[in-house]
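Remarks on the structure that follows.
The values are calculated or read from the model by the stated rules, or taken from the named source; none is laboratory data. Bear in mind that the values here come from a model prediction, so they are computed numbers and not experimental data. Note that each Cβ is placed from the backbone with ideal geometry, even for glycine, and that neighbours are counted across all protein chains shown. We work out accessible area using only protein heavy atoms, side chains counted, and drop any ligands, DNA or RNA first. Shrake-Rupley method; radii C 1.70, N 1.55, O 1.52, S 1.80 Å.
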Amino acid sequence: MVFQKTSESELVPNKVVVKDPPLLSSLQAAISASIKGFIKFFREEALEKLEYAFTFFTFFLYTDAITMVVLSNGASEGDGFSYDTINFMPVQLLRGITYLFTLIFITCRYKRTIYILLSNPIFVATNVFIGLSYLWSVAPEVSQGAGMFMVLNALFGVYTAGRFTLKQQVTIFSYVMLSIAILNIVFIFFLPQYGLMGPPVHAGAWRGVFTHKNGAGKMMVLACAVLFTMLNESKDKHRKWMYGIGIYLSLLMIKYTGSESALLNSIFVMSLIVAIQLFKAKPRNLFLGLVVVSSIGTIIAIGYNEIMTFTLVLLGKDPTLSGRTEIWEFVGDMIRLRPVLGYGVSAFWHGLDGDGSRYIIERAGWLVPDSHQGFLDMILQIGYLGAAMVALSLWQTFNRGLSRVRLFKTWASGWPAVGVLYMVFANLSESSLLAPNSIFWILVSTLNFTMSFEAKYLLDFDRFGLIDKDQVIQKKIMNKLEATTDVNASI
């Protein structure tokens, strides 16, 4: 041992350096590199693929494709089958898995989750209001469970908004709807006991992987919207062919469901996608486009029932929309009894077992399942106060969606605005907006949080794009968004 003299009074031994044998050093280096490589692979590749697969699976699950029609063993409307006899445990288990993974992912990224929630106080308050509706509900236990599920669905929207860019979200969802469009054809031609409706009502009508032709038509309208968006967004010709085939299958499905409202909505929603691209235009053309789109939208919103009646008469169909308009008056009577807070989420429509729904059924003379009008059902459940909060959230998302089109000038940027408009017009004749464990509330939540999260980083850009932006300023904004995304990816 060698001693080093540090002062006259003390001697301190030098550290003894023992070198590892070359073979051992190489082995340790190889093991260390392998471990680091595995960790990097797991974090950057395997985990990324897992999250893509999880998001695809969750979107698919909440469309209710395959699960419900298989569990009901292909039951059809009017055949006497009661859905109360179904064992929903498999579906509940799958949903429970999505809840668990959602909570795990948003907890692991808790900083980003908090920031996303703080970026959208209105929609957070809306979900809190929905979750607490059991306090004044006419069926507290039902509203408590439904409210909890809707909050969990909204948290999945928080996760998706924080994990994926808008284009990634639209791409994943387009693959979901493309898969459903293909599976519809498989069920119809190879599993007709599930894919076709049986007697006594709508016998032979196509329903694909859904329990009813109307539900299938509604989902295929959504498929047309997202597939048409990606058809124009994609630059790869093979993907364009893929999306084009998906649109054809979706329209074919709509035709053979016999759903007239779905056929009109599909044409309308694809026209909207094109119309929204007007917001890419220069200010002078944009102003003209705004006037045209606003005028058409106002006319349709105000005169939707009259337009649908006229169109259906031309098609030789029932102008009362299968009796829907006849029950809206009765629904209005019940809304006037509890106008502010409503009856509670999922608490009103319980057939002859519910006081309110029994009144409407007795007046209408048939077993009415819901009002067939999403906004009326929303007011029934959470009153005008809750409905106003939801409407404000939708308006914010629509507004920010148009701003995004102006800034990024891509087809995918128009998806939030298109999604909101689709929700609005689809719910003028159907009821799906405020349903727990529904793809529609998940889409509303995802788009809402995505737009608010982005807007938090773009406070200094002209929201409506009514003036020409200097290229330097726009580049600075884009760099700011990219830098923030990179920082968040490491959280």
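Mind checking which residues of region 48-66 are within 23 Å of residue 440 (Cβ to Cβ) and assigned to a helix (DSSP H, G or I)? Don't jump to the end; show me each part of the working.
Going through region 48-66, the residues within 23 Å of residue 440 (Cβ to Cβ) turn out to be 51-66.
Within region 48-66, 51, 52, 53, 54, 55, 56, 57, 58, 59, 60, 61 qualify.
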> Among the residues of region 76-94, is any open to solvent by 20 Å² or more (accessible area, probe 1.4 Å) and under 19 Å from the mean Cα position of the chain (by Cα)?
Replying inline: yes
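Per-residue answers, yes or no, for (1) farther than 25 Å from residue 213 by Cβ; (2) part of a helix (DSSP H, G or I):
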| residue | (1), (2) |
| --- | --- |
| 68 | no, yes |
| 75 | no, no |
| 79 | no, no |
| 84 | no, yes |
| 87 | no, no |
| 92 | yes, yes |
| 97 | yes, yes |
| 105 | yes, yes |
| 112 | yes, yes |
>> For the list (1) modelled with pLDDT of 95 or more; (2) out of contact with any Gly (no Cβ under 9 Å at 6 or more places or on another chain), I need the number of the one condition that residue 186 fails.
In response: (2)
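State the number of residues belonging to region 349-402 that are among the hydroxyl-bearing types (Ser, Thr, Tyr) and touching a residue at least 60 places away in the same chain (Cβ under 8 Å).
Residues of region 349-402 among the hydroxyl-bearing types (Ser, Thr, Tyr): 357, 359, 371, 384, 393, 397.
Filter once more, so that each one left must be touching a residue at least 60 places away in the same chain (Cβ under 8 Å): 371, 393.
The number of residues fulfilling the criteria is 2.
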> If residue 226 passes every condition in (1) more than 20 Å from residue 439 (Cβ to Cβ); (2) β-branched (Val, Ile, Thr); (3) touching a residue at least 24 places away in the same chain (Cβ under 8 Å) but one, which one does it miss?
Replying inline: (1)
>> Any residue in region 252-264 that is under 18 Å from residue 427 (Cα atoms) and open to solvent by 40 Å² or more (accessible area, probe 1.4 Å) sitting within a Cβ distance under 8 Å of a residue that is part of a helix (DSSP H, G or I) and among the basic types (Lys, Arg)? List the pairs, counting only those 6 or more apart or interchain.
In response: 263/255
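Which helices (runs of 4 or more DSSP H) sit wholly inside region 317-410 and have at least 2 residues that are closer than 18 Å to residue 132 by Cα and open to solvent by 10 Å² or more (accessible area, probe 1.4 Å)?
Working: elements: 324-335, 355-364, 374-408.
In region 317-410, 374-408 are the helices (runs of 4 or more DSSP H) which contain 2 or more residues that are closer than 18 Å to residue 132 by Cα and open to solvent by 10 Å² or more (accessible area, probe 1.4 Å).
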> From the list 467, 442, which residue is over 22 Å from residue 381 (Cα atoms), touching a helix residue (DSSP H, G or I) at 6+ places or on another chain (Cβ under 8 Å) and either at pLDDT 85 or above or not in a helix (DSSP H, G or I) (or both)?
Replying inline: 467
> What are the residues in region 412-433 that are crowded, with 23+ Cβ neighbours inside 10 Å and either among the polar types (S, T, N, Q) or not in a helix (DSSP H, G or I) (or both), if any?
Replying inline: 413, 429, 430
